[in-house]
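> So that we are looking at the same thing, I have put the structure below in structure tokens.
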Amino acid sequence: MSDSAPIPQPVPGPEPQYATADQQAEAASFGMWVFLATEVLFFGGMLLAYTWLRTTYPEGVAEAGHHTKIVIGSVNTLVLLTSSLTMAWAVDAAKLGRRTVLTRLLIATALLGLLFLGLKGYEYHGEWTDHLVPGLNFHQDGPHTRTIELFYFLYFLLTGIHGIHITIGIGLIAVMAARARRGAFSAGYYTPVEVTGLYWHFVDIVWIFLYPLIYLVGRSGP
Amino acid sequence: MMSATVTGKPEEPIVATKNYLTEEGITLRSWLLTRDHKRIAILYTLSLTFFFFVGGAAATLIRLNLVTPSGIFTPDIYNRLFTLHGIVMVWFFLIPSIPNTMGNFLIPLMIGAKDLAFPRLNLLSWYLYVGAGLLALFAIVIGGVDTGWTFYTPFSSLYSNGYVVLALAAVFAVGFSSILTGLNFIVTTHRMRAPGMTWYRLPVFVWSNYATSIIMVLATPVLAITLLLVAVERLLRVGIFDPALGGDPLLFQHLFWFYSHPAVYIMILPGFGVISEIVPCFARKPLFGYKFVVWSSIAISVIGFFVWAHHMFVAGISLYAGLVFSLLSYVIAVPSAIKVFNWTATLHKGWISFDAPMLYALGFIGLFTIGGLTGLFVANLAFDVHVTDSYFVVAHFHYIMVGGMVSAYFGGLHYWWPKVTGRLYPEWWARIAALLIFFGFNLTFFPQFILGYLGMERRYYAYPPEFQAWNIFSSAGASVLAVGYALPFFYLGWSLFRGKRAGANPWAATGLEWQTPSPPPTHNFDRTPTVTRPPYQYRPEPEPQDV
């Protein structure tokens, strides 16, 4: 199928509670923004616990930071940022009604998300062999053992919940890709892609906070 | 074209086959899979009533136990009872009460919309609520959770039995229900208003629910993550809050009250909205200082986030933190007082008729004022050290939550009952119930101020014999209150089948919701209304025309 010209697609009418399709699109993206506001506060509780830990036991947190796998963390940052780029392109492609490009970009985004999860899993495996998993096989020596354990507790909680968000995002994007392939979207109707994009960028932004907190801050000291 | 006219339209004949109750069919399936906000509101009302009576039964047993100084039940049973009462009443009645029932039913009607922005999300929210409620009941009754509704660590994370995790999961899930409802209301209020329905033409009820939704959306996620941290700490034995494991229980209290103090305003703000609808209607006067009432709601929802540590004055926070939070807690009394002054000014020289909704509203104003003024007492750092964890605090928050919120809930229930069901209730019985509730409430809770001031601790199953007289007063009041709360169950149920037809606008009220038939059709309005006037354009008018 040629991708050079936008393919005219029928625009589905709005759901019964809306007066116009525009109103429906605005409501959908506004709803996602409000949801993301709740997400900020959701991660906020854990970040507050992390801040508390870091200000109460700075030496222990610094030592814990040296145990993190900075190479994997950095590569993952790159992977996730790239996926945000492909997602942004996908939304543009949707607005232009380019079905094939849209499908491919969505698949690329989902694959990058899977790559992130794979690397994360490899990193978790490393932490397992280093005996850094609290509650399961944690075993460290030295004066800051408890702090390191708390650090890794929060690390697994934060990255774990972030990972769940990534997984949900991959699912959403896969559904969008399947729908795009069937031609469900057009230049006149692309709200679901746009809203999914908002979600994906948010998940990316959370990681942009987590990366320095987990991998960089502990290494800045001696 | 319809508009928010000063008086209701002349009565139209009721067409019994053409409203939201009948249009989609009356099968169980049509109810359980409905996306109509009005039907979902009915589902909420039924399930909330169930939880209200469960929580009320627990309260009755608590009061029964406290009739004698040595108690009737074992300490263990008593602990489970007040935990059941607290968890059910706070999480499964007070927080969802007005937003999920009246808010769900009325917000689209009041702004001239066909439905909420996300009807499927709305239904999901109800399923989360019911599932979570049943899970919580299971955990508390079968598992015997005894942490109190606050789940204070390290007790909840270390000592209490294993069903705590289930109870935490239930509260976590009902939190999501609350977030989804708040999200739906915010988007609906922003995007679904009818032509001409500007922000300053919104009824205060809509504004109140909007302010409530902001708190729901911003505070509940913090609660969710806090409960998750407790659950994970219990399961993996890693210390965040548990001092034995290197954690800090104060951190739990900070996180918990960062949600749970704003949650107090989730419980009371919608009540303000209901009262602001009832008072102008039965005083036949425009609401005095509309913009002040509106913006004081928003102010409460913002300042509510800055007062949480007044729950922790004796928990070990620094003196300076205590001073700051004491001062901030005084500040939040200002917007609440603004509202009371505005309602009073609305009543001034009004043409007041003492119908049942108005009796509840007047009761609300009195009881909320007592609750609010004693709130100033406990916001005072020095006084709070004296009464912390005593019955004074119990009485204070029951004056707000029960005297305030539950009165508003019953007031709203009576006020909009004709709109929801198309039937009128027996007015005499409704007035008797309102008076019984007011009398019973004061008899129950006023003695508790005295008990608390004299030093009776809360949450103990036994007490020194010199406190017995006041406790007997309180328990006697509880039985009057129980009769008062049970009465509407019967006469409202009776009115469903035998009540007089209400007509579209039995109170001659001005809101948009009264401009459509009672009960409303599935999509609320036959034609989208256009709004041309501000709300509450009441004129003195002794005879409601449709009755």
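> Would you please name the residue that is most open to solvent (accessible area, probe 1.4 Å), looking only at residues in region A:164-215 that are free of Cβ contacts under 8 Å to residues at least 12 places away in the same chain and over 25 Å from A:ALA25 (Cβ atoms)?
Restricting to residues being free of Cβ contacts under 8 Å to residues at least 12 places away in the same chain and over 25 Å from A:ALA25 (Cβ atoms), the top hit is A:ILE164.
> Would you be able to say whether some residue in region B:45-65 is under 30 Å from B:TYR461 (Cβ atoms) and over 28 Å from the mean Cα position of the chain (by Cα)?
Here is the first cut: in region B:45-65, the ones under 30 Å from B:TYR461 (Cβ atoms) are B:48-65.
Narrowing the set further to residues that are over 28 Å from the mean Cα position of the chain (by Cα) leaves none.
The answer is no, given that none of the residues of region B:45-65 is under 30 Å from B:TYR461 (Cβ atoms) and over 28 Å from the mean Cα position of the chain (by Cα).
> Look through region A:128-149, keep the residues that are in a helix (DSSP H, G or I) and away from every other protein chain (no Cβ under 14 Å), and return whichever of them is nearest to A:LEU81 (Cα to Cα). Outline the logic, then answer.
To start, the set of residues in region A:128-149 that are in a helix (DSSP H, G or I) comprises A:128-129, A:145-149.
Restricting the remaining residues to those that are away from every other protein chain (no Cβ under 14 Å) gives A:128-129.
Details: A:TRP128: 27, A:THR129: 28 Å.
The residue in question is A:TRP128.
> Conditions first: (1) crowded, with 21+ Cβ neighbours inside 10 Å; (2) in contact (Cβ under 8 Å) with a residue 24 or more places away in the chain. B:LEU64 passes all but one, so which condition is the exception?
The one condition B:LEU64 does not meet is (1).
> Within region A:32-62, how many residues turn out to be aromatic (Phe, Trp, Tyr), facing chain B (nearest Cβ under 7 Å) and over 13 Å from A:THR147 (Cβ atoms)? Outline the logic, then answer.
Just the residues of region A:32-62 that are aromatic (Phe, Trp, Tyr), to begin with: A:33, A:35, A:42-43, A:50, A:52, A:57.
Filter once more, keeping what is facing chain B (nearest Cβ under 7 Å): A:35, A:42, A:52.
Narrowing the set further to residues that are over 13 Å from A:THR147 (Cβ atoms) leaves A:35, A:42.
Count: 2.
> Still on this model: Considering each of A:THR55, A:THR103 in turn, give the residue that is crowded, with 18+ Cβ neighbours inside 10 Å and part of a helix (DSSP H, G or I). I'd like the intermediate steps shown before the answer.
Details: A:THR55 fails: crowded, with 18+ Cβ neighbours inside 10 Å.
Result of the check over A:THR55, A:THR103: A:THR103.
> Oh, and also: I need the full set of residues from region B:225-234 which are open to solvent by 10 Å² or more (accessible area, probe 1.4 Å) and within 27 Å of the chain's Cα centre (by Cα), in order please. Before you say what the answer is, go through the steps one by one.
To start, the set of residues in region B:225-234 that are open to solvent by 10 Å² or more (accessible area, probe 1.4 Å) comprises B:228, B:231-232, B:234.
Across region B:225-234, the qualifying residue is only B:LEU228.
> Looking at (1) under 30 Å from B:ILE77 (Cα atoms); (2) surrounded by fewer than 19 Cβ atoms within 10 Å (Cβ to Cβ), which one does B:THR530 not meet, given that it meets all the others?
(1)
> Being in contact with a Phe, Trp or Tyr (Cβ under 9 Å, 6 or more places away or on another chain) and buried (at least 19 other Cβ atoms within 10 Å of the Cβ) is the filter; apply it to region B:194-204 and report the residue that is nearest to B:THR226 (Cα to Cα). Quick ask: steps written out before the conclusion?
Initial filter on region B:194-204 (in contact with a Phe, Trp or Tyr (Cβ under 9 Å, 6 or more places away or on another chain)): B:194, B:199-200, B:202-204.
Next, only the ones that are buried (at least 19 other Cβ atoms within 10 Å of the Cβ) stay: B:194, B:202-204.
On the way: B:ALA194: 40, B:LEU202: 35, B:PRO203: 35, B:VAL204: 33 Å.
The qualifying residue nearest to B:THR226 (Cα to Cα) is B:VAL204.
> Being open to solvent by 40 Å² or more (accessible area, probe 1.4 Å), farther than 30 Å from B:PRO286 by Cβ and within 8 Å of chain A (Cβ to nearest Cβ) is true for just one of B:ARG237, B:ARG191. Which residue is that?
Values: B:ARG191 fails: farther than 30 Å from B:PRO286 by Cβ.
Within the list B:ARG237, B:ARG191, the selection yields B:ARG237.
> Just checking, how many residues over region B:1-59 are open to solvent by 20 Å² or more (accessible area, probe 1.4 Å), at pLDDT 90 or above and in a loop (DSSP other than H, G, I, E, B)?
2
> Only residues that are surrounded by 24 or more Cβ atoms within 10 Å (Cβ to Cβ) and assigned to a loop (DSSP other than H, G, I, E, B): list them for region B:121-145, please.
The one that is surrounded by 24 or more Cβ atoms within 10 Å (Cβ to Cβ) and assigned to a loop (DSSP other than H, G, I, E, B): B:VAL145.
> Given the conditions (1) open to solvent by 10 Å² or more (accessible area, probe 1.4 Å); (2) more than 13 Å from every other protein chain (Cβ to nearest Cβ); (3) hydroxyl-bearing (Ser, Thr, Tyr), report the number of the one that B:SER208 does not fulfil.
(1)
> Which is within 21 Å of B:HIS85 (Cβ to Cβ), within 14 Å of chain A (Cβ to nearest Cβ) and open to solvent by 10 Å² or more (accessible area, probe 1.4 Å), of B:PHE118, B:PHE172?
Values: B:PHE118 fails: within 21 Å of B:HIS85 (Cβ to Cβ).
Checking each option against the conditions leaves just B:PHE172.
The values are calculated or read from the model by the stated rules, or taken from the named source; none is laboratory data. No experiment lies behind these values; they were computed from the predicted model shown. Note that each Cβ is placed from the backbone with ideal geometry, even for glycine, and that neighbours are counted across all protein chains shown. Surface accessibility is based on the protein's heavy atoms, side chains included, excluding ligands, DNA and RNA. Shrake-Rupley method; radii C 1.70, N 1.55, O 1.52, S 1.80 Å.
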